[in-house]
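What follows is a short report on a single structure.
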Amino acid sequence: MTAENIKNQLLAFGNPSKATHATYFFKTGKGQYGEGDRFIGCTVPESRGVAKKFMHTPLTELEKLLDDEMHECRLCALSILVAQFHKADETKQRELVDFYLAHTHRINNWDLVDLSCYHIVGAWLKDKEERSLLYSLAKSDSLWEQRIAMVSTMAFIRNNDFADTLKLCELFLTHKHDLMHKACGWMLREAGKRNEEVLTAFLDSHYPVMPRTMLRYAIERLSPEQKSNYMKRTV
């Protein structure tokens with residue numbers, strides 16, 4: 001179960017046209033958030049299929065995959081890490097969380113963050129009172145660590161625990177990047193699915209200063225009348 005074996009299996013699914021499309025979709029141009037990333041051109045289901053075959057890959061080999069220049073290698077490594085976390089005892093989970101946090105510089109696009117963070121960081125913190133880790137990540141200079149902090153709260157939301165989601169959304173109200181506006185709006189929408197009053201209370205307090213992308217994502221499941229009212233009241 002080596003990184004080389006896993007990469008070779010991913011390469012077998014390579015599709016040049018899909019790889020070219022991915023370079024545009026994931027904003028890999030100069031100065032863009034995914035600058036320089038490279039793609040094999042295999043699909044997420046294909047990558048996850050490979051991950052299932054290599055679920056017991058040791059961390060030393062997963063580290064090599066995370067260091068690989070190919071995006072799908074990193075995605076596959078994270079899929080394996082998530083699978084290992086779900087089957088691990090608490091001691092092993094702590095090791096996997098530490099490994100994950102030590103490699104956030106390689107979890108360097110929104111899809112890599114979103115498929116992994118709430119399954120690992122969020123799941124780890126879900127039953128813990130001490131969640132300062134989230135706020136350390138949120139205050140990082142790294143866009144990806146900030147998004148990890150935000151999207152990790154999905155694990156709390158699914159447990160009807162909304163406090164950290166709301167606090168982080170407040171913290172990110174003035175964030176400059178639309179990837180954080182989308183992440184915040186997404187988590188607010190998810191909270192609203194569980195408890196609409198939680199969402200509307202947040203909106204009523206903050207809608208005038210919410211970035212429009214964040215607001216649009218947050219109100220997506222509200223009634224047409226509610227959506228219209230929130231959008232036209234935005235300054």
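Here, each number is a calculation from the coordinates, and none is a lab measurement. Values in this document were obtained by computation on a predicted structure and should not be read as measured data. Here the Cβ is made from the backbone with ideal geometry for all residues, glycine too, and neighbour counts use every protein chain on show.
When shorter helices are ignored and each DSSP H run of at least 4 residues is given -39500 (n - 2.57), the per-residue value for the chain at 222 nm works out to -18500 deg cm²/dmol. Take the alpha-carbon centre of region 91-151, take the same for region 166-235, and report the distance between them in whole Å. Their Cα centres are 23 Å away from one another. Across region 175-189, rounded Karplus estimates of 3J(HN,Hα) from the backbone phi angles (6.51 cos²θ - 1.76 cosθ + 1.60, θ = phi - 60°) give 4, 8, 9, 5, 5, 7, 4, 5, 5, 5, x, 4, 5, 5, 4 Hz, Gly and Pro being marked x.
Taking the longest Cα principal axis of the chain as reference, the axis of helix 90-102 is set at about 90 degrees.
Cross-link check: pairs K30/K64; K52/K87; K53/K126; K27/K182; K92/K126 evaluated at a Cα-Cα cut-off of 18 Å; pairs beyond the cut-off: K30/K64; K53/K126. For the peptides 115-122, 66-73, 206-213, residues were scored by their other Cβ atoms within 10 Å and the scores averaged per peptide; the highest-first order is 115-122, 66-73, 206-213. Kindly identify region 165-235 as rounded, prolate or oblate by the Cα gyration tensor criterion: order the square roots of the eigenvalues as a ≥ b ≥ c, call it rounded if a/c is under 1.5, otherwise compare a/b with b/c, prolate if a/b is larger, else oblate. Note, shape of region 165-235 comes out oblate. Placing pseudo-labels 7 Å out from each Cα toward the beta carbon at E35 and D141 gives an inter-label distance of 1.4 nm.
Highest mean first, the peptides 15-26, 188-199 sorted by other C-beta atoms within 10 Å per residue fall in the order 188-199, 15-26. Note on the chain: Cα Rg divided by 2.2 N^0.38 Å, N the number of residues, gives 1.06. Each residue, K53 and K232, gets one label point 7 Å from its Cα in the Cβ direction; the gap between the two is 5.7 nm. Axis angle, to the nearest 10 degrees, between helix 44-53 and the longest C-alpha principal axis of the chain: 50 degrees. With R₀ set to 35 Å, the beta-carbon distance separating D127 from N5 gives a calculated FRET efficiency near 0.45. Across region 121-129, computed HN-Hα scalar couplings (Karplus, 6.51 cos²θ - 1.76 cosθ + 1.60, θ = phi - 60°) run 5, x, 5, 5, 8, 3, 9, 10, 6 Hz from first to last residue, x flagging Gly and Pro.
Computed from backbone phi with θ = phi - 60° and the Karplus coefficients 6.51, -1.76 and 1.60, the 3J(HN,Hα) list for region 22-32 is 5, 5, 7, 4, 9, 6, 9, x, 4, x, 8 Hz; x is used for glycine and proline.
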